[in-house]
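The values are calculated or read from the model by the stated rules, or taken from the named source; none is laboratory data. Just so it is clear, the model here is predicted, and its values are computed rather than measured. Cβ coordinates were reconstructed from backbone atoms using ideal geometry, including for glycine residues, and neighbour counts include every protein chain displayed.
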Amino acid sequence: MPKLIAHQIPDAIIAYTQSHAKTAHDFLRDCGCLAERLPNRPFLLNFCKSRYLFAVGMGAAALNRQTMLLPPTYNQGMLSQLQKTYPDFYILYDQDMLEIAEFPRFKLEYPAMPSHAGREFSADSKQEFSVPEIPADHVMAYVFTSGSTGEPVPHAKTWGSMTRNAQAQLRRIREDVSFLNRAFTVLATVPPQHMYGLESSVLIALLGGQAFSAAHPFFPQDICTELARLPHPRVLVSTPFHLRAWMESGIELPAVDLIISATAPLSMQLTENIEARFQIPVQEIYGCTETGQIATRLPTVNPVWQTYGEVEIIQVEGGNDGCGGAVAQGDYILSPTELNDVLEVIDKNHFRLLGRKVDQVNIAGKRSSLGYLNFQLNTIDGVKDGVFFIPDNADTLKDKLGETRLAAFVVASGISKADILKALRSRIDAAFMPRPLFIVDELPRNSTGKLPHHVLTELAQKLQAVQNATEPQKQ
């Protein structure tokens, strides 16, 4: 059976908290003590903001054979929805939140064990260092995506599949960059509740014998502060949104040994700037909630993606959306899974990513993708951030006008709305020009840098209402 952690000795560093380093011995002690105190319920939502306490909560749940629920959002509506399906769940948390007040909950504070059990183990107990085993078929987490109906759709992640995934990622990191067999430390700007953050910060450390920072920095200065506290080699796990803000911050950036990015495509310009600044590789990860991470590439070396381990990508005809697609299967993927992206499959282990199926736009017989349009928008001088989207009323507009219309939000500095539209006309077909284009102070990105469609729709409706209210009424 796979073990709870891959560290071989009790003094191996497993995490860096605000106060001091935590060893494998500390972690196992904390997990064991917490496991004795957790509610006797089969499911938990792990809300811990500290990455270390999140990991301790996950470890204790594994010892108790409990299953984490990791929904896409954590608002009260989502929690109420989950409670209908999983009435026996409770919330594990380390910071008070109004959203969870009415639900069963357990607060985790450090030390994670009662005061009478907080004494350090003796030297003899360290010599008896023994790592618990977890059944490979134990469902450690249900990770949720939102289906077309809006209902959360669960995807099971077993301890065995998580272990093989982490080991595959570790092998790929070692193929792409040499750390001379030294353990590295991960700092992540994405939360551990997100699949990418869970895999590439917590699991890669626990199941790959590495270490992680307990912090969850968001702003550039916080990223720099946390990086500077960590020993080399250090790995920054982030997103294009965070990396762009970090690189453009104008502050002194501490050295880093590897940067990993996911959640959205990296622009080649940003990638080249990072590699020139630090003289290190930038690795992109491809994956989704359904499969977990399954492939990587070094974008400045080769645009082609290579799968992990024995994972295979198979081209299929007549996918769920009727336009064909690709299926991922093998290794730690529990069952063949159709991907929501348009791929050009080169062979079973290599492919090119052409875009997301839902991003494909067909207007007046002309085709494009939201990804391409976003790229063109964000390369305009003076545009700090921008995004195209298809409004929820697009079908109604199409019925009335015979066409679909796109909208866009832009954060800009030193450039007018008219100038942005003029620049866009020289870059994209007129059919894809945004109607309307909103200028905003910032985009409502979530903790992983993504822009949920419903959030964009609500913002557009609000801005449109304000615009309508301020326009002079026709007589």
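Details
- For Leu266, the stated conditions hold: it is at pLDDT below 95 and either within 30 Å of Leu180 (Cβ to Cβ) or in contact with a strand residue (DSSP E or B) (Cβ under 7 Å, 6 or more places away or on another chain) (or both).
- Among the candidates Arg427, Arg405, residue that is among the basic types (Lys, Arg), out of contact with any Lys or Arg (no Cβ under 9 Å at 6 or more places or on another chain) and in a loop (DSSP other than H, G, I, E, B): Arg427
- Only one of Thr448, Thr396, Thr404 that is modelled with pLDDT under 90 and surrounded by fewer than 17 Cβ atoms within 10 Å (Cβ to Cβ): Thr396
- Every condition in (1) within 20 Å of Tyr196 (Cβ to Cβ); (2) in contact with an Asp or Glu (Cβ under 9 Å, 6 or more places away or on another chain); (3) not β-branched (Val, Ile, Thr) is met by Lys348 except one, and the failing one is (1).
- Any chance Asp11 is of a type outside the set (Ser, Thr, Tyr), assigned to a loop (DSSP other than H, G, I, E, B) and in contact (Cβ under 8 Å) with a residue 24 or more places away in the chain: yes
- Filter result (out of contact with any Leu (no Cβ under 7 Å at 6 or more places or on another chain) and among the β-branched types (Val, Ile, Thr)) within the range 328-350: Ile333, Thr337, Val345, Ile346
- Only one entry in Asn46, Asn40 is under 16 Å from Leu108 (Cα atoms) and touching a strand residue (DSSP E or B) at 6+ places or on another chain (Cβ under 6 Å), namely Asn46.
- The range 64-101, residues that are exposed (fewer than 15 other Cβ atoms within 10 Å of the Cβ), at pLDDT 85 or above and more than 23 Å from Thr289 (Cα to Cα): Pro87, Asp88, Gln95
- In the set (1) assigned to a loop (DSSP other than H, G, I, E, B); (2) within 30 Å of Arg164 (Cα to Cα); (3) among the β-branched types (Val, Ile, Thr), the condition left unmet by Val235 is number (1).
- Count of the range 181-199 residues which are under 16 Å from Met140 (Cβ atoms) and in contact with a helix residue (DSSP H, G or I) (Cβ under 8 Å, 6 or more places away or on another chain): 3
- A count restricted to the range 203-215 and to residues that are touching a residue at least 60 places away in the same chain (Cβ under 8 Å) and more than 13 Å from Tyr16 (Cβ to Cβ) stands at 4.
- Filter pass, Ala21 being of a type in the set (A, V, I, L, M, F, W, C), surrounded by fewer than 22 Cβ atoms within 10 Å (Cβ to Cβ) and farther than 27 Å from His454 by Cα: yes
- Residues (touching a helix residue (DSSP H, G or I) at 6+ places or on another chain (Cβ under 8 Å) and either closer than 22 Å to Ala21 by Cβ or outside the structural domain of Lys107 (by TED's automatic domain parsing) (or both)) located in the range 53-82: Phe54, Ala55, Val56, Gly57, Met58, Gly59, Ala60
- When Arg229 is tested against (1) basic (Lys, Arg); (2) in contact with a helix residue (DSSP H, G or I) (Cβ under 9 Å, 6 or more places away or on another chain); (3) farther than 21 Å from Phe375 by Cβ, only condition (2) is not met.
- Wholly enclosed strands (runs of 3 or more DSSP E) of the range 239-353 bearing at least 2 residues among the aliphatic types (A, V, I, L, M), crowded, with 17+ Cβ neighbours inside 10 Å and free of Cβ contacts under 8 Å to residues at least 40 places away in the same chain: 325-329, 341-347
- Flag not set for Ala215, criterion: small (Gly, Ala, Ser), farther than 17 Å from Phe184 by Cα and not assigned by TED's automatic domain parsing to the domain that holds Asp381.
- Members of the range 266-289 that are of a type in the set (S, T, N, Q) and on the phi < 0 side of the Ramachandran plot: Ser267, Gln269, Thr271, Asn273, Gln283, Thr289
- Selection from the range 252-282 of residues that are out of contact with any Pro (no Cβ under 6 Å at 6 or more places or on another chain) and among the β-branched types (Val, Ile, Thr): Val256, Ile259, Ile260, Thr263, Ile274, Ile280, Val282
- Leu34 being part of a helix (DSSP H, G or I) and crowded, with 23+ Cβ neighbours inside 10 Å: yes
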